[in-house]
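Attaching a single structure in structure tokens format; questions to follow.
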Amino acid sequence: MTPPYALWADTSVSALRAADHLLLALAAELDLPESAFACTHLVRGERPRVALSFTLPSEPLLRTAEERLRTQGYEVTPGVPDQAGRAVLYPGADSLTGTVTVGELLARSAIDRVTVLGTQGQPPSDQRMVTRDHVRPHWHGGELVLAAMPAVGGTLVPFEVPDPTPCCADH
């Protein structure tokens, strides 16, 4: 289902890290409220790139964002390019720094659930998650899901690393 106040901007950016920087700069310029979602979406085909989507809480904010993005030369389309975006900004994202428990992560943010690679079910709510200040959940089946992996000392870390190795960053 497409959110009612959503739009996406086509970009020429091909790397996620560069797309994150662009998305964060645009979000700051647009002065997005805490309730907004801003995601990256991989666009495949003849011209692989990363599109940016914004889901806003009201139509006036949507119109303002659309106008500002068009003024900057972006091609803007209503809705989202796909249902599998990677959330960079979402309610509670700023509170996920340092080490938190899985329960705190879920309570503080819009993330619906955590999955751990190689296991079934959710981790215990008291399991510690070392966020590395980089928590990028994905939309999956209408839920915002964070993929995590086991780390040192029985902790978890988000699957996506903040500074990927350049040779692997675009895969």
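The values are calculated or read from the model by the stated rules, or taken from the named source; none is laboratory data. Small disclaimer: the values here were computed from a predicted structure and weren't measured. We place every Cβ from the backbone using ideal geometry, glycine too, and count neighbours over all the protein chains shown.
Is there any pair linking a residue in segment 51-80 that is over 13 Å from Tyr5 (Cα atoms) to one that is part of a strand (DSSP E or B) and charged (D, E, K, R), with Cβ under 6 Å and at least six apart or on different chains, and which?
What qualifies is Ala51/Asp10; Glu75/Asp10.
Do any residues in segment 130-145 that are under 13 Å from Tyr90 (Cα atoms) and touching a residue at least 12 places away in the same chain (Cβ under 8 Å) have Cβ atoms under 8 Å from those of residues that are among the β-branched types (Val, Ile, Thr) and not in a loop (DSSP other than H, G, I, E, B), where the two are at least six apart or on different chains, and which pairs are they?
Arg136/Val88; Pro137/Val145; His138/Val145; Trp139/Val145; Val145/Val114; Val145/Thr115
Can you pull out the strands (runs of 3 or more DSSP E) entirely within segment 99-171 that have at least 2 residues that are among the polar types (S, T, N, Q) and either at pLDDT 95 or above or within 17 Å of Gly85 (Cα to Cα) (or both)?
99-101
Among strands (runs of 3 or more DSSP E) lying entirely in segment 1-94, which contain 1 or more residues that are out of contact with any Ser or Thr (no Cβ under 9 Å at 6 or more places or on another chain) and surrounded by 14 or more Cβ atoms within 10 Å (Cβ to Cβ)?
So the answer is 37-43, 49-55, 75-78, 86-89.
May I pose another question? Kindly list, by first and then second residue, each pair from a residue in segment 14-36 that is touching a residue at least 24 places away in the same chain (Cβ under 8 Å) to a residue that is surrounded by fewer than 13 Cβ atoms within 10 Å (Cβ to Cβ) and in a loop (DSSP other than H, G, I, E, B), limited to pairs with Cβ atoms under 7 Å and residues at least 6 apart or on different chains.
Here the result reads Ser14/Pro48, each pair linking segment 14-36 to a residue that is surrounded by fewer than 13 Cβ atoms within 10 Å (Cβ to Cβ) and in a loop (DSSP other than H, G, I, E, B).
If Gly98 meets every condition in (1) within 15 Å of the chain's Cα centre (by Cα); (2) assigned by TED's automatic domain parsing to the domain that holds Val145; (3) surrounded by fewer than 19 Cβ atoms within 10 Å (Cβ to Cβ) apart from one, which number is that one?
Gly98 satisfies all of (1) within 15 Å of the chain's Cα centre (by Cα); (2) assigned by TED's automatic domain parsing to the domain that holds Val145; (3) surrounded by fewer than 19 Cβ atoms within 10 Å (Cβ to Cβ) except (1).
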